[in-house]
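The values are calculated or read from the model by the stated rules, or taken from the named source; none is laboratory data. If you're wondering where the values come from, they're calculated on a predicted model, not measured in any experiment. Using ideal geometry, Cβ is built from the backbone for each residue, glycine included, and neighbour counts are taken over all protein chains shown. The area values use the complete protein model at the heavy-atom level, side chains included, leaving out ligands, DNA and RNA. Shrake-Rupley method; radii C 1.70, N 1.55, O 1.52, S 1.80 Å.
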Amino acid sequence: MMENQIELYKKSDSFPFEIFPAKNSSPTAAENGKALHSKYNPEREAEQLTATFEKEEKTTAVFLSAGLGYGPIQIAKKNPDATIIVIEEDETFFLHSLSAIDWERLFSHPKLIFITGDNLSAAKDILKNSSSKDMEVFSTPSLTAHAQKYFDSIKEIIRQNKEKDEINTNTLEKFSSLWLRNSARNLQKIFTLDGVKRYENKGETLPFVILGAGPSLEKILPYLKEIKKRAVLVCVDTALHACLSYGVEPDFILLVDPQYSCALHLEFLSSPSSILITECAAWPSVFRFNCREVLLCASQFPIGAFFEKKCPPKGRLAAGGSVATTAWDFALFCGAKEVFIAGMDLGFPSRQTHIRGSQFEERAHRLSTRLHGAENDNAVSLFSAQPCLAKDFFGKDLLSDKRMDFFAWWFSNRCPREEEKGTHTYTLTPESRKIEGMKVYALKDFLLKKECEEEKKLFISQPKNTENEKLDFKKVLEDFILQIESLESLSKKGKMLCERGIKDAEKIPSIISELNAIDKAILESDAKEAASLVFPTERQLKELAKNLPEDEKRRPLYFSKLIYTELLSAIKKYKDALYHSACMP
């Protein structure tokens with residue numbers, strides 16, 4: 001706390017709440033007659049409040065206001081390794097709390113974070129780095145009432161982080177095998193294709209325009225040729241068909257989703273002057289797209305990351321769940337100070353889901369029948385993911401859904417921060433969902449900007465990094481297979497030891513010692529992260545563990561055996577994917 005704030009507190013004649021003795025003589029408090037802690041025994045109340053933290057094996061305790069500090073002090077006493085985050089909007093409230101009881105135990109805690117003042121951006125940054133599954137949030141209505149709006153905003157940040165983690169887990173469980181198969185087929189591309197790194201901070205003087213495939217893009221399409229003269233044109237895969245239908249080949253095309261359905265957005269299309277940006281887990285046909293060049297961004301998946309470590313950096317782009325987030329981050333990666341977005345609606349203007357002529361709409365028409373018309377697919381898209389109302393940039397109601405909430409939150413989180421760094425993000429389509437930190441820019445004003453075609457040519461023609469050509473892919477692949485086989489050998493040995501200990505309980509102490517050595521070797525393996533791609537998620541592992549025998553003495557061995565068995569299964573999937581891929585000799 002800053003010294004002037006402390007002095008201001010000392011001189012204050014009014015305090016935010018009253019402190020008085022409880023029945024057990026410990027200090028307690030009330031605000032406007034409403035109790036903040038127990039009037040009988042605040043310590044016991046804190047014990048009861050925090051009892052579930054240790055029982056549920058959480059690692060991060062978040063207190064939305066701590067009152068006199070009983071709750072976080074209790075966590076500090078019982079959980080020396082826990083991370084404790086105390087959030088308090090009212091600094092005077094916080095300072096007054098310090099005057100009641102001894103906070104030394106809390107202040108000496110090694111993992112303690114205080115967030116004070118009305119600083120939501122700091123709270124966002126800290127909370128997003130804490131896993132929601134390991135976090136318990138303590139929020140007592142009487143303690144948050146003095147700054148309810150602020151604490152409601154904190155709860156919303158926590159809810160969105162939890163939703164993000166849930167989405168990531170669901171996506172991993174559903175698509176991990178696809179990511180592995182695609183990556184295995186495309187591994188050699190990592191050694192033959194250059195990365196977006198060549199464009200890092202090279203486009204600082206150029207405006208960038210990002211094209212999404214929302215219905216509002218339709219009003220922009222007639223002006224695309226003029227827009228392209230004035231900015232670097234970056235198109236997401238879903239909007240490419242619409243672009244080409246107006247005779248405009250974008251400067252860059254972004255496709256980073258590994259699903260086959262996304263590869264179809266490029267099917268039967270050609271854009272010889274465009275640069276396609278993708279990642280090594282993309283569907284293999286993507287790499288056959290007729291374009292000027294294919295560039296890679298750093299892979300989001302462990303197997304690609306393993307091989308990329310042996311190469312010059314490709315350049316990492318953010319993944320916010322939508323290709324539009326990656327396209328926007330590419331503009332920032334290039335150093336852009338002005339980014340204009342069109343057609344990123346994050347909702348359904350006029351009840352449309354995508355721009356006319358997009359792959360989504362064309363597919364619906366191709367597959368329509370008398371009993372299941374294209375409008376059926378449109379209705380499913382509109383109402384299948386918890387429909388809700390949002391606001392567009394005009395302040396009008398816009399039909400959206402919970403899927404879009406996450407993308408809107410991602411942009412609302414990033415845009416204001418980038419604004420502070422000097423990068424301004426605008427929308428050319430105010431019919432889109434309103435995003436905090438994004439402003440409306442009239443299309444007619446954009447078309448008055450000066451043309452920059454010569455400058456663009458210099459930017460796009462950045463020299464290729466030729467370091468990849470000196471690398472031996474076959475040697476790196478052989479090394480990876482050796483490491484996978486080493487993991488396999490360790491897992492087999494660990495599983496065998498577990499089975500031996502389960503049969504003979506007297507050998508458990510010595511076997512545990514051997515298993516510790518095996519686990520240490522596994523954790524030190526460079527290939528362990530790669531194997532984690534198709535290893536069960538924590539949620540799946542908990543479900544599998546429910547079927548283990550209820551034998552307290554042997555349960556650790558049963559659980560270890562489960563881990564080794566699942567690791568062996570993951571390694572088998574890797575070996576199968578590699579030996580059936582085109583990268584194997």
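Provide a single number: the residues in segment 536-568 that are open to solvent by less than 60 Å² (accessible area, probe 1.4 Å) and closer than 22 Å to Asn168 by Cα.
We begin by selecting, within segment 536-568, every residue open to solvent by less than 60 Å² (accessible area, probe 1.4 Å); these are 536-537, 541, 545, 548-549, 551, 554, 557-558, 560, 562-568.
Imposing the further condition that a residue be closer than 22 Å to Asn168 by Cα reduces the set to 536-537, 541, 545, 563, 566-567.
Looking only at that region, the number is 7.
One line per residue, one yes/no per condition, for (1) of a type in the set (A, V, I, L, M); (2) out of contact with any helix residue (DSSP H, G or I) (no Cβ under 7 Å at 6 or more places or on another chain); (3) modelled with pLDDT under 90:
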residue: Gly395; (1), (2), (3): no, yes, no
residue: Met404; (1), (2), (3): yes, yes, yes
residue: Ala442; (1), (2), (3): yes, yes, no
residue: Glu451; (1), (2), (3): no, no, no
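Criterion first (assigned to a helix (DSSP H, G or I), over 30 Å from Asp125 (Cβ atoms), of a type in the set (Phe, Trp, Tyr) and touching a Gly at 6+ places or on another chain (Cβ under 9 Å)) does Phe459 satisfy it? Let's see the steps before the verdict.
Numbers: assigned to a helix (DSSP H, G or I): yes; over 30 Å from Asp125 (Cβ atoms): yes; of a type in the set (Phe, Trp, Tyr): yes; touching a Gly at 6+ places or on another chain (Cβ under 9 Å): yes.
Yes: the conditions hold for Phe459.
Looking at Ala282, Ala184, Ala213 in this structure, which one is surrounded by 19 or more Cβ atoms within 10 Å (Cβ to Cβ), assigned to a helix (DSSP H, G or I) and either touching a residue at least 24 places away in the same chain (Cβ under 8 Å) or more than 26 Å from the chain's Cα centre (by Cα) (or both)? Write out each step before concluding.
Working: Ala282 fails: assigned to a helix (DSSP H, G or I); Ala213 fails: assigned to a helix (DSSP H, G or I).
Result: Ala184 is the single residue among Ala282, Ala184, Ala213 that is surrounded by 19 or more Cβ atoms within 10 Å (Cβ to Cβ), assigned to a helix (DSSP H, G or I) and either touching a residue at least 24 places away in the same chain (Cβ under 8 Å) or more than 26 Å from the chain's Cα centre (by Cα) (or both).
Please go through segment 216-253 and pick out each residue that is surrounded by fewer than 24 Cβ atoms within 10 Å (Cβ to Cβ) and among the charged types (D, E, K, R).
Of everything in segment 216-253, those that are surrounded by fewer than 24 Cβ atoms within 10 Å (Cβ to Cβ) and among the charged types (D, E, K, R) turn out to be Glu218, Lys219, Lys225, Glu226, Lys228, Lys229, Arg230, Glu249, Asp251.
Considering every residue within segment 480-494, establish whether at least one is at pLDDT 90 or above, assigned to a helix (DSSP H, G or I) and under 30 Å from Val232 (Cβ atoms).
no
Of the numbered conditions (1) under 25 Å from Pro21 (Cα atoms); (2) at pLDDT 90 or above; (3) outside any helix (DSSP H, G or I), Ala76 satisfies every one except a single condition; which is it?
Status for Ala76: all satisfied but (3).
If Leu295 satisfies all but one of (1) part of a helix (DSSP H, G or I); (2) in contact with a strand residue (DSSP E or B) (Cβ under 6 Å, 6 or more places away or on another chain), what's the number of the condition it fails?
So the condition that Leu295 fails would be (1).
What residue, among those in segment 418-456 that are assigned to a loop (DSSP other than H, G, I, E, B), open to solvent by 80 Å² or more (accessible area, probe 1.4 Å) and of a type in the set (Asp, Glu), is nearest to Ile227 (Cα to Cα)?
Narrowing segment 418-456 to residues assigned to a loop (DSSP other than H, G, I, E, B): 422-423, 428-432, 434-437, 441-442, 447-452.
Keeping just the survivors that are open to solvent by 80 Å² or more (accessible area, probe 1.4 Å) gives 434, 436, 448, 450-451.
Adding the requirement that they be of a type in the set (Asp, Glu) leaves 436, 451.
Values: Glu436: 25, Glu451: 9 Å.
Looking at residues that are assigned to a loop (DSSP other than H, G, I, E, B), open to solvent by 80 Å² or more (accessible area, probe 1.4 Å) and of a type in the set (Asp, Glu), I get Glu451.
Please pick out the residue among Ser532, Ser581 that is touching a residue at least 60 places away in the same chain (Cβ under 8 Å), surrounded by 13 or more Cβ atoms within 10 Å (Cβ to Cβ), out of contact with any Leu (no Cβ under 6 Å at 6 or more places or on another chain) and not in a helix (DSSP H, G or I). Walk me through how you get there before you give the answer.
On the way: Ser532 fails: not in a helix (DSSP H, G or I).
Of Ser532, Ser581, the one residue that is touching a residue at least 60 places away in the same chain (Cβ under 8 Å), surrounded by 13 or more Cβ atoms within 10 Å (Cβ to Cβ), out of contact with any Leu (no Cβ under 6 Å at 6 or more places or on another chain) and not in a helix (DSSP H, G or I) is Ser581.
Of the numbered conditions (1) exposed (fewer than 13 other Cβ atoms within 10 Å of the Cβ); (2) at pLDDT 90 or above; (3) not in a strand (DSSP E or B), Lys39 fails exactly one; give the number of that condition.
Answer for Lys39: the failing condition is (1).
Scan segment 151-172 and give yes if some residue there is among the small types (Gly, Ala, Ser), open to solvent by 20 Å² or more (accessible area, probe 1.4 Å) and closer than 30 Å to Lys542 by Cα, otherwise no.
Within segment 151-172, the subset among the small types (Gly, Ala, Ser) is 153.
Restricting the remaining residues to those that are open to solvent by 20 Å² or more (accessible area, probe 1.4 Å) gives 153.
From what is left, the residues that are closer than 30 Å to Lys542 by Cα are none.
Within segment 151-172, not a single residue is among the small types (Gly, Ala, Ser), open to solvent by 20 Å² or more (accessible area, probe 1.4 Å) and closer than 30 Å to Lys542 by Cα.
When the residues of segment 503-526 are narrowed to those that are of a type in the set (D, E, K, R) and in a loop (DSSP other than H, G, I, E, B), which ends up farthest from Arg554 (Cα to Cα)?
We begin by selecting, within segment 503-526, every residue of a type in the set (D, E, K, R); these are 503-504, 506-507, 514, 519-520, 524, 526.
Applying the additional criterion that residues be in a loop (DSSP other than H, G, I, E, B) yields 504, 524, 526.
Values: Asp504: 10, Glu524: 26, Asp526: 31 Å.
Out of the qualifying residues, it is Asp526.
Quick check: anything in segment 106-118 polar (S, T, N, Q) and either over 31 Å from the mean Cα position of the chain (by Cα) or surrounded by fewer than 15 Cβ atoms within 10 Å (Cβ to Cβ) (or both)? Give the steps one after another, and end with the answer.
So the first thing to find is which residues in segment 106-118 are polar (S, T, N, Q), and the list is 108, 116.
Checking which are either over 31 Å from the mean Cα position of the chain (by Cα) or surrounded by fewer than 15 Cβ atoms within 10 Å (Cβ to Cβ) (or both) leaves us with 108.
For segment 106-118, residues polar (S, T, N, Q) and either over 31 Å from the mean Cα position of the chain (by Cα) or surrounded by fewer than 15 Cβ atoms within 10 Å (Cβ to Cβ) (or both): present.
Restricting to segment 285-304, what's the tally of residues that are under 17 Å from the mean Cα position of the chain (by Cα) and aliphatic (A, V, I, L, M)? Step through it out loud before you land on a result.
Of the residues in segment 285-304, the ones under 17 Å from the mean Cα position of the chain (by Cα) are 297-302.
This time we only want the ones that are aliphatic (A, V, I, L, M), so: 298.
The qualifying residues number 1.
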